[in-house]
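S.K.: Right, I'll just put the structure down here and ask away after.
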Ligand SMILES: [Fe+2]
Ligand SMILES: [Fe+2]
């Protein structure tokens, strides 16, 4: 299969210059993922029993209390709140995360469509991209349905971030697919790590448990595609471009981790969570470890493909995404 797109002559000058070459491994991966998407996929309304009696969404339900992995959950301030308030805060946090989640997936879908628009039809990658768009649309519908049922304020990304995502990230899918798929992993990996931890620890509310289980199952394919794409493309980039990526990728990942795992002001301010509490929780050793661990897979990929030269490591460290259990490759510490 060729990686080339019809617009390659134009983008070769300013973008990643995808190499013209056949790659059976990548082609086979796309075919395998396509088969899996047919064998195991979910519908937001057919496969989630929204109206089951124990699936009701009420803000005074203690099953919504914050998960231990949330920075605020571990604070003395949160523990001292009345049970009813803890439940309300927990539900609002879930709703806000779901809102940010579907906004991220909206940008992601548009990027995938922009890429597919210039691919030759009939190839396994074209079909794979559309499977992923369909799956992300189903996730978006699941997430927005829960936000709707929570019936409480759930602001998502800050307006500035939304504008930037729309104007910068969507065009990246064509101009620099490598950077686009790093953006994809920057959003998907931290959420996946947290969602898997929640499933392992046990989720009290069965509706949330069902949504997260469906999401984790399908996201495994998306992360696999993005990682394989990058593993194939990064080694072929020009040295100058690799040098630029060595700086840009950790900055992008650090920003995405903050967006996906941090406590936004739109949550803390209206709920009266003191800023000092939020700051202290963010700096707690467990939270630092969680953030570093949340991008362990992408970090490993960067190390293996030579995108972390020694001089770039301080950038990773400064952003708090270097140390952690995922740093296990030779010369990673
Ligand atoms: Fe998703
Ligand atoms: Fe995804």
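S.K.: Which of these, 119, 261, 108, has the largest mean-square fluctuation under a Gaussian network model of the chain (Cα springs below 10 Å)?
M.R.: Residue with maximal mean-square fluctuation among 119, 261, 108: 119.
S.K.: At 222 nm, what value in deg cm²/dmol follows for the chain if DSSP H runs of at least 4 each add -39500 (n - 2.57) and the sum is divided by all its residues, to the nearest 500? Mind dumping the intermediate values first?
M.R.: Working: 15 runs with 214 residues, N = 333.
After summing the helix terms and dividing by residue count, I get -21000 deg cm²/dmol.
S.K.: For the chain, what's the relative contact order in percent, using C-alpha pairs closer than 8 Å and at least 6 residues apart?
M.R.: On the way: 390 pairs, mean separation 68.3, N = 333.
Answer for the chain is 20 percent.
S.K.: Compute the helix-to-body angle for 124-150: its Cα long axis versus the longest principal axis of the chain, expressed 0 to 90° and rounded to tens.
M.R.: Result, in degrees: 10.
S.K.: Something else now. How large is the Kirkwood hydrodynamic radius of the stretch 141-204, counting all unique pairs of alpha carbons, in Å?
M.R.: One decimal place: 14.3 Å for the Kirkwood radius.
S.K.: To continue, here is another question. What does the convex hull of the Cα atoms of the stretch 100-207 come to per residue, in Å³, rounded to a whole number? Intermediate results must be reported in sequence, preceding the final value.
M.R.: Numbers: hull volume 13.0 nm³, N = 108.
Enclosed volume per residue, from the Cα hull, is 120 Å³.
S.K.: While we're here: Label the stretch 98-161 by shape, choosing from rounded, prolate and oblate, from the square roots a ≥ b ≥ c of the eigenvalues of the Cα gyration tensor; if a/c is under 1.5 it is rounded, and otherwise prolate applies when a/b is larger than b/c, oblate when it is not.
M.R.: Numbers: a/c = 5.49, a/b = 2.11, b/c = 2.61.
Note, shape of the stretch 98-161 comes out oblate.
S.K.: Please determine, in degrees from 0 to 90 and to the nearest 10, the orientation of helix 24-39 with respect to the longest principal axis defined by the Cα atoms of the chain, where the helix direction is its Cα long axis.
M.R.: It is inclined by approximately 40 degrees.
S.K.: What is the Å³ per residue value for the convex hull set by the Cα atoms of the chain? Kindly include the intermediate steps, with their values, before the conclusion.
M.R.: On the way: hull volume 43.9 nm³, N = 333.
It is 132 Å³ per residue.
Every number here is computed from the coordinates shown, using simple stated rules; none is lab data. Keep in mind that this is a model prediction, so the values were computed, not measured.
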